[in-house]
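Here's the structure we're looking at; comments come further down.
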Amino acid sequence: MNSRRPFSVRTAGALATAFALLVLGACSGGLYIGVNNGGNAGWWNDGIDSLDFAVIDSSGASAIAVPQFAVVRDISAWAALWADHTANLAMTPGLPAINFSQRMVVGVFLGRRTPPCAHVHLTRVLFDNGRNRMTVEYRETTDGGGCDPTAIAPAELAAVPWTSASVEFIRVD
């Protein structure tokens, strides 16, 4: 007498489901969901890519005293923005090099703050292929406990991939 039990309908269904998932995963190049390493991966494609960005300057004391956003696509506009941003410094740092054939600069300037101690941080840069739009997400924070009294006009500038598309800035909490 054979002591092994035959497959049940439940076991056969579970095996069929697992096999189907393996086949689908192999056909798509892997089972990935969402974005991975700066772009869409596998079979998931929602048309929105996460873009790499590099912070150029994160300052609590920008000379730009009025809240504003900046999108800079060429060297002359970059030189002007950098001069405005650093005008309050005794020793103006040199203009950071940007290859404008591949990159552009985005900036968030919170303006003068009373009381001081605020900071701004870019959190994510996205590109919506369907709408041909770049979105720059940023977060405003304040020092918890210890206050930096020089943080009176927070700003953050970053280099992002160059695009002629529109750019929107969204505050996230």
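The values are calculated or read from the model by the stated rules, or taken from the named source; none is laboratory data. Everything numeric in this text was worked out from a predicted model, so none of it was measured. Positions of Cβ are backbone-derived with ideal geometry, glycine not excepted, and every protein chain shown enters the neighbour counts.
For the reader, a short list of remarks on this structure follows.
- Residues (part of a loop (DSSP other than H, G, I, E, B) and surrounded by 14 or more Cβ atoms within 10 Å (Cβ to Cβ)) located in the range 89-111: Ile98, Phe100, Leu110, Gly111
- Of the residues in the range 121-130, at least one is among the aromatic types (Phe, Trp, Tyr), within 18 Å of Asp52 (Cβ to Cβ) and either touching a strand residue (DSSP E or B) at 6+ places or on another chain (Cβ under 9 Å) or at pLDDT 95 or above (or both).
- The range 113-132, residues that are out of contact with any Cys (no Cβ under 6 Å at 6 or more places or on another chain), without any contact (Cβ under 8 Å) to a residue 60 or more places away in the chain, surrounded by 14 or more Cβ atoms within 10 Å (Cβ to Cβ) and not aliphatic (A, V, I, L, M): Arg113, Pro116
- Inside the range 44-60, residues that are touching a residue at least 24 places away in the same chain (Cβ under 8 Å) and out of contact with any Asp or Glu (no Cβ under 9 Å at 6 or more places or on another chain) make up a count of 5.
- Among the candidates Ser59, Ser76, Ser101, residue that is at pLDDT below 95 and not basic (Lys, Arg): Ser59
- For the range 58-88, the set of residues classified as assigned to a helix (DSSP H, G or I) and surrounded by fewer than 16 Cβ atoms within 10 Å (Cβ to Cβ) consists of Ile75, Ser76, Ala77, Ala79, Ala80, Ala83, Asp84, listed by residue number.
- Flag for Thr123 being hydroxyl-bearing (Ser, Thr, Tyr), out of contact with any helix residue (DSSP H, G or I) (no Cβ under 7 Å at 6 or more places or on another chain) and not in a loop (DSSP other than H, G, I, E, B): yes
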